[in-house]
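What follows is a short report on a single structure.
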Amino acid sequence: MKLVVPTSFKVLSHKGKVVRLCREDLDKKAKDLCPRTKDSTVGLYDHQTHTIYLVDTLKGTELIQCYLHELIHCILYSTGQDGLSEDEDFVDLFSEVLLQILSSQKGKLENVQIND
């Protein structure tokens, strides 16, 4: 199964976008949004603009993992679960399990067209 990172997405009533940044710009964005950030980051979700930022050096599974991680932050913020969204261990574990499930799916039960 091929997994892709989209350029835009929708969670509930929020339309979001995905932006790739160089590490320097992403680190600056992280410091602006979360001043307590100490380490270099590879992904970030801005819940005010509904934007997922990903470092432009990520590829393959690492890119998908990071996207899912930030998407889970988005889902949790959008559903009022701010406390869970701030729990990085929970979000990491959830994204790892979700990636494993999506990567291991085989066959098709039914083709369904979803309209916006």
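The values are calculated or read from the model by the stated rules, or taken from the named source; none is laboratory data. Quantities reported herein were computed from a predicted structural model and do not represent experimental measurements. Using ideal geometry, Cβ is built from the backbone for each residue, glycine included, and neighbour counts are taken over all protein chains shown.
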Q. Within segment 1-33, how many residues turn out to be without any contact (Cβ under 8 Å) to a residue 40 or more places away in the chain and surrounded by 13 or more Cβ atoms within 10 Å (Cβ to Cβ)?
A. 12
**Q.** segment 94-116 residues that are more than 20 Å from PHE9 (Cβ to Cβ), paired with ones that are assigned to a loop (DSSP other than H, G, I, E, B) and modelled with pLDDT of 65 or more (beta carbon under 8 Å, 6 or more apart)
**A.** LYS106/MET1
Q) Within segment 39-86, restricting attention to residues that are within 12 Å of the chain's Cα centre (by Cα) and either among the charged types (D, E, K, R) or exposed (fewer than 15 other Cβ atoms within 10 Å of the Cβ) (or both), which residue is farthest from LEU99 (Cα to Cα)? A) ASP46
Q) Counting residues that are β-branched (Val, Ile, Thr), which strands (runs of 3 or more DSSP E) fully inside segment 9-116 reach at least 2? A) 14-21, 51-55
Q: Could you tell me whether segment 34-50 includes any residue that is under 20 Å from SER85 (Cα atoms), in contact with a Cys (Cβ under 6 Å, 6 or more places away or on another chain) and small (Gly, Ala, Ser)?
A: yes
